[in-house]
1. Need a quick list: strands (runs of 3 or more DSSP E) entirely within segment 34-112 having at least 2 residues that are over 29 Å from residue 276 (Cβ atoms) and not assigned by TED's automatic domain parsing to the domain that holds residue 307.
2. Counting only residues that are within 16 Å of the chain's Cα centre (by Cα) and part of a strand (DSSP E or B), how many does segment 242-296 have?
3. For segment 72-120, give me the residue count where each residue is surrounded by 22 or more Cβ atoms within 10 Å (Cβ to Cβ), more than 30 Å from residue 227 (Cβ to Cβ) and out of contact with any strand residue (DSSP E or B) (no Cβ under 6 Å at 6 or more places or on another chain).
4. Determine if segment 204-225 includes at least one residue that is part of a helix (DSSP H, G or I) and more than 26 Å from residue 33 (Cβ to Cβ).
5. Look at residue 302 and say whether it is at pLDDT 95 or above and within 20 Å of residue 254 (Cα to Cα).
6. With respect to the numbered conditions (1) crowded, with 18+ Cβ neighbours inside 10 Å; (2) outside any loop (DSSP other than H, G, I, E, B), which one is the sole condition not fulfilled by residue 190?
7. Just checking, how many residues over segment 258-290 are surrounded by fewer than 16 Cβ atoms within 10 Å (Cβ to Cβ), within 30 Å of residue 239 (Cα to Cα) and modelled with pLDDT of 95 or more?
């Protein structure tokens, strides 16, 4: 894994979603999203002439009044995050994975611009806005150098968490240096001194968060203790967590049983060979394979599977 972010990108592809306009956002969605944000922040939900969000003790947040079918479908996608915030219980984790039809998140060279389209990209930013923190693995930081902000949608920036148990990053990534949102460099306590040295000064809002026993496994198969990680973030008041990537990190959270929800966005593209997306523990018998309750939501040309992993028990 490289220790520093890639400095150059190839020219945007013709279907670059960065500047694409969304074609299926209904007229009543912006007002409903404003109410979603109010509910997320514990503010009074603004009144509306049409649909209004309301809290029900027996059903969590719901819509009262007329609303378009598309706006209702989008709300249903984000409702579990609002309900989790209101529950104020143990840590609650949603992950998102964007991959090709044949199960890859990037080509063999690591190029992932762009697997998914504009609608999935905006969906990603909505998830960030609704969570306390967004987490990515060190490999994603080193290769993609993401900002992890909500610049494509109204809503607050989450706390950014860079999961780097061995403190292998060089401390120069944008998330650690741009000051746009608080950032935690999460590493095993044994390697905290190295992270502190590399971070140095001049990193506004960034700090090293050492966690004892975070790093697990052998040198050949390093991993992380998801429960120790979640406990450390919960102590900071970061309870609703969005695991954004990459494939290895999401797969490890899945294997640890630490995900309540998974959004799997499948793009109509064939890569052939490259970096695998979601990987789950193998089963010998099909009847033993997990089959979580699922909804299918169309996001532009992408198909998003909303998987309720909490229902698996």
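1. Numbers: elements: 52-56, 60-64, 92-100, 104-107.
Those strands (runs of 3 or more DSSP E) span 52-56, 60-64.
2. 10
3. Residues in segment 72-120 being surrounded by 22 or more Cβ atoms within 10 Å (Cβ to Cβ), more than 30 Å from residue 227 (Cβ to Cβ) and out of contact with any strand residue (DSSP E or B) (no Cβ under 6 Å at 6 or more places or on another chain): 2 in total.
4. Step one: list which residues in segment 204-225 are part of a helix (DSSP H, G or I), which gives none.
Looking through segment 204-225, none of the residues is part of a helix (DSSP H, G or I) and more than 26 Å from residue 33 (Cβ to Cβ).
5. Numbers: at pLDDT 95 or above: yes; within 20 Å of residue 254 (Cα to Cα): no.
Taking the combined requirement at face value, the residue does not satisfy it.
6. The failed condition is (1).
7. 0
The values are calculated or read from the model by the stated rules, or taken from the named source; none is laboratory data. Just so you know, these numbers come straight off a predicted model, no measurement behind them. Every residue, glycine as well, gets a Cβ built from its backbone with ideal geometry; the counts of neighbours run over all protein chains shown.
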